[in-house]
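Got a structure for you, written out below as structure tokens; questions coming shortly.
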Amino acid sequence: MSLIENILKKVVLETASISGKAQLSPSVYKIQLKSERFKTADFEPGYFLRLGVGIDNDTLAMKDKVRSYSVWDIDKTKGTIDLAIATESRGIGAHWVMNCKVGETVYFKWKKGNFLLDQTAQIVI
């Protein structure tokens with residue numbers, strides 16, 4: 001592992017553990033991550049996670065070691081978030097999600113997205 005990856009893991013990125021994994025369809029997995037940081041996250045719809053899915057793979061270019069995923073659900077009480085990850089691309093993220101295991105540690109960073117809420121929209125219940 002390179003010096004840059006060590007710095008990423010120890011200084012830049014936060015950690016979570018995989019607390020759940022389910023295959024929803026032949027090409028989509030639901031991954032649940034757990035972290036105390038999710039309990040206090042300043043989360044708004046449109047934020048997403050950058051996951052270091054290839055961070056320990058020395059054969060990958062640096063740009064291929066991190067993938068972005070939208071948050072499907074967040075439970076601040078339990079400190080969990082859910083992600084839906086498609087495997088159609090057969091890329092590094094698809095390979096990671098098919099092979100990851102419950103209990104493994106993942107490295108992440110929150111990113112703000114461009115998703116805008118329409119504050120004037122009518123709420124239908």
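The values are calculated or read from the model by the stated rules, or taken from the named source; none is laboratory data. These figures come from a predicted structure and were not determined experimentally. Neighbour counts run over all protein chains shown; Cβ positions are idealised from the backbone, glycine included. Ligands, DNA and RNA are excluded from the accessible area calculation, which covers all protein heavy atoms including side chains. Shrake-Rupley method; radii C 1.70, N 1.55, O 1.52, S 1.80 Å.
Find out how many positive minus negative residues lie around K78, taking Lys and Arg as positive, Asp and Glu as negative, among other residues whose Cβ is under 14 Å from that of K78.
0
Top to bottom by accessible area (1.4 Å), largest first, where do S25, S70 land? Before the final figure, lay out each step's value.
Working: S25 45, S70 85 Å².
Putting S25, S70 in descending order of accessible area: S70, S25.
Here is a further query. Express in Å², to the nearest 10, the accessible area of Y29 obtained by rolling a 1.4 Å probe over the protein heavy atoms while all chains stay in place.
Accessible surface of Y29 is approximately 20 Å².
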